[in-house]
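**Q** My questions all concern the structure below.
The values are calculated or read from the model by the stated rules, or taken from the named source; none is laboratory data. None of these values were measured; they are calculated from a predicted model. Please note: Cβ atoms are built from the backbone with ideal geometry, for glycine as well, and neighbour counts cover all protein chains shown. These area figures cover heavy atoms from the full protein model, side chains too; ligands, DNA and RNA do not enter into them. Shrake-Rupley method; radii C 1.70, N 1.55, O 1.52, S 1.80 Å.
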Amino acid sequence: MVRQGKTAGKLARRSIRAKKGRYLAILLIVLLSVGFLSGLKVTREQMWDAAERYLDSQNMYDYRVYSTLGFTGENIQSLSKVFGMETAEGGKSVDALLVFDGTAEDCLCISLPEKVNVPSLTAGRMPGKETECLADHRVFSEEDLGKTIAVSSDNDDDTKAALSHDTYTIVGLVNSPLYLSADRGSAESGTGERKGFLYLPKENFTSEYYTEADLVLEGSLKAGEAGEIFSNAYDSLVDDHEAAVKTAARDLAAARYEDILSDIQKEADDKKQTALDELGDKAQEMKDSLADQVESQVAEAKTQLDGAVSAGMMSEDQEKAQLADIRSKAEDAVNAKFQNLSVADFADMAGMSKEDAENLKDLLGKDTIGSLDDLIGQKAIPMTREEAVSAAEDNGVEEPETYVLTRKENAGYVSFESDTSIIHSIADIFPLFFILIALLVCVTTMLRMVEEERSQIGTLKALGYSGSAIAGKYLRYAGSAALLGWVLGFFPGTYFIPRGFWTAYATLYDFTGLRYRFDGMLALVTLLTSLLSIGLGTLAACVRALRETAASLIRPRSAKPGKRILLERIPPLWRRLSFLKKATLRNMFRYKIRMVMMLVGIGCSSALIVTAFGVRDSMIDIGSQQYEGVQTYQLECTIDEDKANLEDLKRSVLSEDGVTAVLPAVSRTVDVSSDTASMSAVTVYAFAEDADLSGF
């Protein structure tokens, strides 16, 4: 008995050797479609995996907390004890204008962390001294190691005072998990555009308080899907604990504000009491001086009366009575002089200036003193909370505001997710065209192959081969091409395509490398899709032939009868066509399946081309549209109004050749964010209400 399966395999191998072109066509189209689809599908996952590994290794924050009053070391410890938090670390930062190689640029100086947001060293070494620093690897190169960067003298006094040294030596280059992309955000000073960042040892920051607090969730909470960045599980985990972090931040800021008010009250009360004590001492001195005057008057009177007693003109008892009367009258005169004393009168008597007199009135809270005894030992009126709040506002300390940011407000983190998701969206559209083209190529190839081998199929049927055995030959032929194409497409595609995109994105994201990740589900789906689609197409091509008898298959098939087409019923148009054009039009409608395949194939190929050019055309004119339709001015310059008069400068610029209009404006570069997106380095412009914006 003939082993039909073995014969089918042998015939399939012979067909592969005899018809290499068709076999390669199926193999290559499967290779391209599977490689392109699988490569694009895993690109986002591999890029996310790289980011996840990097952020985990550098321990990027899950929450970043800001307070307008800053944080103390005790505040940081309290935040670390919020439920669900593994650790918390305070950080200090200041925007400063730094001079390097003669050029001044805005940079963010950051305290070097120990546990959270740890920078990754790309060149050089870690700082060993206070005057050594780590620099942004995108701004500086290895050639800059060992060079000095200085704090510009153009910084304001607060910025200069924030750092303990004026110059720093670059000893290392780093990446920072705070800045995944090339965008460094906006600066609070200078031009508003931040050039880069520097990490300095914490000892360089003179402030006692931390400007931000970074919190990390417990590792046990981020197990499984919750630990995958950009996942819904991670977002839900962050949302669940955010309220507790906000509450803790508000409570700590409020407590710190009350401590500041208490310090203001205590300082003011102590100052008042000190002033009152000094005033009491002066009143005591005046009282002692008046008492001395009374005693002087009594002593003088006693001298005179002693002479009278000696002369026998009065007795000693009379002398004592008169002295007592003199003392009483002198004391009454003194008391009358200092009874119901006004502040102004006391100031005159004490030789105080008008300003000191006014201060005394404010200190006492009244216009009269009463008597000198009232000033001695007087207690200060405690400062009220409202007065303390007003005093705090005068010193620039207002009721605190707190901000709790997650990774969703980090511009680099969000833009990385957005850019990689675009690739994933492309993977949902472009490969579809490749799959349709691949299916059409395979079906067309197998239809033609079956049609050409009708005689062989008829002979096999006449020899007793079953339909499954005959179809098995073609399934082996097409299936082996699909399987080999899948192997050659899937593994190189999932390896090289993600790296191609990673290399292209290196100008924006350059913080770590990719590692290969095998996606078992994607491999299974693409393999089954390839085999099933090509297998079903091959079966569809074989079924029609296998329905015929062996005799009809052995005989050559008669040509399809020709039919008149609609165009022939329009003589003026039909007569103008050449013979070949007429034959082509008739054959198109004569072989409808071929026509449909041709149209679908051309349509899919055209769609790929049009889509590619559409993407290109939608991006290429953004610059011209922005600067020809939105911002039409030719030059923007920044001035310091403290050093230049705006109106004089405006007249001077208008006098230049070619300048037709000048529009004064105030601009500020800021970072903006919402619940769903964030943008950094956004320039906000403000103009006068009557400004004419036409032409700008």
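**Q** Given the pairs LYS81/LYS222; LYS115/LYS408; LYS20/LYS473; LYS19/LYS473; LYS115/LYS202; LYS92/LYS115, which span a C-alpha to C-alpha distance of over 19 angstrom in this model? Before the final figure, lay out the partial values.
**A** Working: LYS81/LYS222 17 Å; LYS115/LYS408 21 Å; LYS20/LYS473 15 Å; LYS19/LYS473 14 Å; LYS115/LYS202 13 Å; LYS92/LYS115 14 Å.
Over 19 Å apart, Cα to Cα: LYS115/LYS408.
**Q** How much accessible surface does SER624 have with a 1.4 Å probe, in Å² rounded to 10?
**A** Approximately 40 Å² for this residue.
**Q** Based on the mean of other beta carbon atoms within 10 Å per residue, what is the order of 513-519, 654-660, most packed first?
**A** 513-519, 654-660
**Q** In terms of the Cα gyration tensor, with a ≥ b ≥ c the square roots of its eigenvalues, is the range 406-560 rounded because a/c is under 1.5, prolate because a/b exceeds b/c, or oblate? Show your work: numbers first, answer last.
**A** On the way: a/c = 4.23, a/b = 3.38, b/c = 1.25.
Taking the square roots of the gyration eigenvalues as a ≥ b ≥ c, the range 406-560 is prolate.
**Q** Here is a further query. Using the Cα atoms as the points, what is the convex hull volume per residue of the range 92-174 in Å³?
**A** On the way: hull volume 7.6 nm³, N = 83.
Hull volume over Cα atoms, normalised by residue count, gives 92 Å³.
**Q** Rank ILE497, ILE229, ILE570 by accessible area, highest first, at a 1.4 Å probe radius?
**A** If we order ILE497, ILE229, ILE570 from most to least accessible, we get ILE570, ILE497, ILE229.
**Q** Would you tell me the accessible area of TYR413, worked out with a 1.4 angstrom probe on the heavy atoms of the protein chains, in Å² to the nearest 10?
**A** 0 Å²
**Q** So how exposed is ASP419, as accessible area in Å² (1.4 Å probe, rounded to 10)?
**A** Probe radius 1.4 Å; accessible area of ASP419 about 40 Å².
**Q** Oh, and also: What residues have an amide H closer than 5 Å to that of MET60, excluding those fewer than 5 places away on the same chain, when H is modeled at 1.01 Å from N in the peptide plane?
**A** Here ASN117 satisfy the definition.
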